[in-house]
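Here's the structure, in structure tokens; my notes come after.
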Amino acid sequence: MIKKTNAQTPEKLTGIELKDIPHSAVGFKAIASSVKHVKNEAGLFRGISLLKNLNQTYGFDCPGCAWPDPDEKRAFLAEYCENGAKAVAEEATRNKVSPLFFATYSVSNLAKLSDYEIGKKGRITHPVYLPEGANHYKEISWKDAFNLIAEELNGLDSPDEAIFYTSGRTSNEAAFLYQLFVRQFGTNNLPDCSNMCHEASGAALSETLGIGKGSVTLDDFNHTDLIIVMGQNPGTNHPRMLTALGDAKKNGSKIITVNPLPEVGLMNYKDPQNPLKWVGSGQDLTDVFLQVKINGDVALLKIILKLMIAKEEEDTGSVFDYKFIKEKTHGVEDLLDDLETYSIDYLLPQTGLTLEEIKLAADLIISNKKIIICWAMGLTQHKNSVDNIREIVNILLLKGSIGKKGAGTCPVRGHSNVQGDRTMGIWEKMPDTFLDKIDAEFNFESPRKHGFDVVNSIKAMHDKRAKVFFGMGGNFVSATPDTEFTAEGLRNCNLTVHVSTKLNRSHLIHGRKALILPCLGRSEKDFQTSGEQFISVENSMGIVHKSQGHLEPCSEDLLSEPAIVAGLAKATLKKTSVNWDKMISNYDFIRDKIATIIPGFKNYNQRVREDAGFYLPNNARANDFKPTTTGKANFTVNAISDIKLTEKQFIMMTIRTHDQYNTTIYGLNDRYRGVLNERRVLFMNAHDMEKNNINKLDLVDLRSHFNDKVREAKGFLALPYNIPKQCTATYFPEANVLVPIQSTGRTSNTPTSKTVIITIHKR
Ligand SMILES: Nc1nc2c(c(=O)[nH]1)N[C@H]1C(S)=C(S)[C@@H](COP(=O)(O)OP(=O)(O)OC[C@H]3O[C@@H](n4cnc5c(=O)[nH]c(N)nc54)[C@H](O)[C@@H]3O)O[C@H]1N2
Ligand SMILES: Nc1nc2c(c(=O)[nH]1)N[C@H]1C(S)=C(S)[C@@H](COP(=O)(O)OP(=O)(O)OC[C@H]3O[C@@H](n4cnc5c(=O)[nH]c(N)nc54)[C@H](O)[C@@H]3O)O[C@H]1N2
Ligand SMILES: [Mo]
């Protein structure tokens, strides 16, 4: 019997080096760093071809993030960024994980490696199978792999015992086919990475504005008075957004940043397109920096709302847009009544700020009319995340700052097609309107019972209510909360299957049997029987555009994601109304079906071939809120954080370094935070360190506390950092073991990865 391997990243220090925190983001160092990664992974020649095609209208969509490309002219250097270059370099690596590799390395030995080491092993070249009790994956034919999955799926007592996860890189075409197969198989168990990401944004925006997506376009940044960036670190995670912020500033806009950390990119940046500006002090971006305590945002926004009301009472019509409020909104009285029940003195301690600091921001909001509010994981991964976002909407609605040029909501998405996957029906609770249409078009009855999201999938696997896990991309065991609990769930499964480009920990923490199905990446050519194909994706601003790979596939034995779905569907479904072979022979056939079923995709095949793609309809952008339950934009009443810390407890957020893409670790540096060659660090406030007798670089163990259950992650180096008192930060995924499975957002059910209550134990 093989001993169970540890599901966590091994506790291994790599030799920390501390540097000064740079003053400015991007600039020459960023370009140099990206060139180095591309050259090391892909080789110089392939590397140049990659960068040349990245985010060009004829090229492929960067798998890095969902920030949009300009509609018009695209410069060569402009449309890639340091971290986009790293993302494509990872995919285009020359390192290969072949059947010989698996014959050499056992699963239990590979599991001892760090995520960084695992990722660097390279691209998987052949489908491989791990039979029950075996310790080495071995080659399997595609046909046998599909039959094996089909046998397991058809042997289940109910289709609801299978789980079909999606990560957000999957194309529209693959996602549409995938959900169709899963629903024809008979379940809505379609959890996705969005459940851990922007689920709260979708929930809050649908309720208040009638659409779960943001309302602004890139051009709105050129016409706005004020941008508020909350809970987001674009210098690392959406570097091309800095260009939009820089341009907005040049056009006279102001920027308020709300973040427990003074993230370098947001403070100051150097334009990568303008080498003349790589030297010198760069451009200051943030005008007002509010260093809020973790999860203090609703309290902060309530104070701002109260200051707005006070000003409005003093000078009627100076702050609110009465016409908009009267004609377009519902529920303003409830909001105003509720705000009266809070005093500023009561709210202030939650924010960690002074009233003077907040007034600076409130004055900008009061005096400007066109406001864009951007946010990411710093707002969406808390218990009251939906409240965070609804409170943002309250501010925009009072100002009438939505549905007009230069104003609106901007949830900045993560994965490059996470938004498109949802549009295509990857959701455990798609509305009946969508299901009715696929039923009519494909002549079957889709299941109507809502499926499991990520957290409920984990619980179901843990309780053995679910027995087969299928992952379309992603790295489930490392991306999800409560690592050891999730690992037990996966190990309980009869079969775990991963469609992947690269080796990751989820291949090593597996069910009784396991399969890895290797697929083409974005950067690679995709040939089907009718010839070369392209795919399409939707970015964070609802633009659908095509993406075509230019590199030769890293192996002849890869299949595209749509072809994998079709192979699986043909093996599994005893009865199907879909001609799967035809669908994948030419992806135009898939797009034709999407065009008839999904609103906004009329003439998909024609419009997607036009240069920059096309915008999907967006009611909030069009100043129309009819899709909400009241037919108007809804004001809401929101809850402040209910976290109470004891004197020895800290609140911990889990964040990304500059050298990772979620669970893919590009390197061991976090250049913008001055930490090199180490990921096991705990950022702490210097006063807290002193008070608790913790010195710089002391080794500490972390314990999280939830409903009396204690979880532990061992071996982190304590570092003094500019962070509010009783707030701490660690990196994802090393600290995921501390995120309790039961601790999730209200309504969104998103793991609270940014509010984990911990105690710190010095060795
Ligand atoms: N290079 C690179 N690009 C990426 C990714 C990557 O890993 N690497 N991941 C992609 C994905 S899937 C996503 S979702 C996005 C993630 O993009 P981000 O959301 O920028 O990523 P995080 O590192 O989680 O950073 C969260 C930020 O919120 C702040 N924060 C934490 N808690 C709070 C809070 O309570 N209030 C406020 N106001 N701020 C808070 C943190 O200090 C940090 O600056 O990036 C996408 N792009
Ligand atoms: N503690 C904590 N946990 C978090 C977060 C956090 O901030 N803190 N963030 C959450 C967020 S926002 C997200 S989005 C999730 C991310 O969760 P996931 O999407 O599940 O994780 P990734 O690390 O992005 O997935 C990486 C893997 O995807 C595969 N892959 C890459 N490209 C392709 C492709 O083109 N096709 C296929 N089939 N596979 C491919 C590779 O094998 C790679 O190993 O993690 C969440 N988890
Ligand atoms: Mo994400």
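Here, each number is a calculation from the coordinates, and none is a lab measurement. Everything quoted here is computed from the prediction, not taken from an experiment. Cβ atoms come from the backbone with ideal geometry, glycine included; neighbour counts cover every protein chain shown.
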Need one word for the stretch 477-547: rounded, prolate or oblate. Basis is the Cα gyration tensor (sqrt eigenvalues a ≥ b ≥ c); a/c below 1.5 gives rounded, then a/b vs b/c decides. oblate
Relative contact order of the chain, pairs being alpha-carbon contacts under 8 Å that are 6 or more residues apart, as %: 22
Taking the simple approach of a point 7 Å from Cα along Cα-to-Cβ for both LYS12 and LYS405, what is their distance in nm? 5.7
Name the residue from PRO617, CYS519, LEU396 whose Cα lies farthest towards the positive end of the charge dipole of the chain, charges +1 on Cβ of Lys and Arg and -1 on Cβ of Asp and Glu. CYS519
Once you keep just the Cα pairs under 8 angstrom separated by 6 or more residues, what percentage relative contact order results for the stretch 650-762? 37
If you take every residue apart from ALA174 with its C-beta less than 10 Å away from the C-beta of ALA174, what net charge results, scoring Lys and Arg +1 and Asp and Glu -1? -2
So, over other residues within a Cβ distance under 11 Å of ALA686, counting Lys, Arg +1 and Asp, Glu -1, the net charge is +1
Among all helices in the chain defined by DSSP H, which have a length of 24 Å or more along the axis from Cα atoms plus a Kyte-Doolittle mean of at least -1.0? 297-314
So, by mean Cβ neighbours within 10 angstrom, what's the order for 224-232, 475-483, 46-54 with the highest one leading? 475-483, 224-232, 46-54
Helical mean residue ellipticity (222 nm; -39500 (n - 2.57) per DSSP H run of 4+; nearest 500) of the chain: -9500 deg cm²/dmol
Using a simple charge model, +1 on the beta-carbon of Lys and Arg, -1 on the beta-carbon of Asp and Glu, nothing else, what dipole does the stretch 199-411 show about its Cα centre, in debye to the nearest 20? 820
Under the Karplus curve 6.51 cos²θ - 1.76 cosθ + 1.60, θ = phi - 60°, whole-Hz ³J(HN,Hα) for the stretch 58-68, x wherever Gly or Pro sits: 8, x, 10, 6, 4, x, x, 9, 9, 5, x
Surrounding charge for ASN195, neighbours by C-beta under 9 angstrom, Lys/Arg +1, Asp/Glu -1, total -4
Candidate lysines for bridging to LYS323, where Cα separation is under 24 Å - those fewer than 8 sequence places away on the same chain excluded: LYS302, LYS306, LYS311, LYS369, LYS370, LYS399, LYS404, LYS405, LYS626, LYS632
Segment ALA639-THR104, extension gain: residue separation times 0.36 nm, minus the distance between their alpha carbons: 187.1 nm
Within the chain, what's the longest stretch lacking GluC sites (Glu not before Pro) that sit in DSSP loops with no more than 16 other Cβ atoms inside 10 Å? 133-444
Could you list which residues have their amide H under 5 Å from that of TYR731, counting only those 5 or more apart in sequence or on another chain, with H placed in the peptide plane? ILE655, VAL681
